[in-house]
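The values are calculated or read from the model by the stated rules, or taken from the named source; none is laboratory data. Worth saying up front: this structure is predicted, and the values here are computed from it rather than measured. Reconstructed Cβ throughout: ideal geometry from the backbone, glycine too, with neighbour counts over all protein chains shown. The accessibility values were calculated without ligands, DNA or RNA, using every heavy atom of the protein model including side chains. Shrake-Rupley method; radii C 1.70, N 1.55, O 1.52, S 1.80 Å.
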Amino acid sequence: SSITCITHGNGVTLAADEAGGILRSTDGLTWSPVSPSPIPAGKRVADIAFGGGTFVLVAHNYVTGAYNGGALILTSAGGLNWTDRSSGTPLESWRDLRTVAWWNGRFFASGWYSGLMSSRDGGATFSPLSQNSLEFDAIA
């Protein structure tokens, strides 16, 4: 599987692949899989960001040839233990999140017809900042 995203924070680097695997390193040379993977079968990791002492990972449904909906949001302090925060985001089941970034004290996320959303509580909840028909492919 291909690596889809990588981020670093608090002395930890995380890389995720599209099949749901997460690799963790504290030196950039030695990598270990996070086991068990917190990503359920049928989900595709889209992005990971670090900020405010927290990693936030976003993923979505994936079926060969088609992928959308089923937003998954996970948070972790050190990349080993993850908490599912999906219920804290007001998205219909067919919408998803595909990008996440930290800027100016909060996380921003967007995806398939999800508009731009932000979180001021470390990724526990996301609130819309724009109309849902907007889609941002990347946030930097």
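Remarks
- Using a probe of 1.4 angstrom and keeping all protein chains present, the accessible surface of the range 1-41 works out to 56 square angstrom per residue.
- Pairs of Cα atoms nearer than 8 Å and 6+ residues apart set the relative contact order; for the chain it is 16 percent.
- Rolling a 1.4 Å probe over the protein chains gives S1 an accessible area of about 110 Å².
- Each peptide in 47-57, 20-30 receives the mean, over its residues, of other Cβ atoms within 10 Å, and ordering these scores from highest gives 47-57, 20-30.
- With contacts taken as Cα pairs under 8 Å and at least 6 residues apart, the range 15-89 reaches a relative contact order of 21 percent.
- Answer label, with Rg and Dmax of the Cα atoms in Å calculated from the coordinates and candidates (i) 15.6, 49; (ii) 24.0, 78; (iii) 13.8, 43: (iii)
- Amide proton proximity set for V34, modelled H, under 5 Å, gap of 5+: I22, L23, R24
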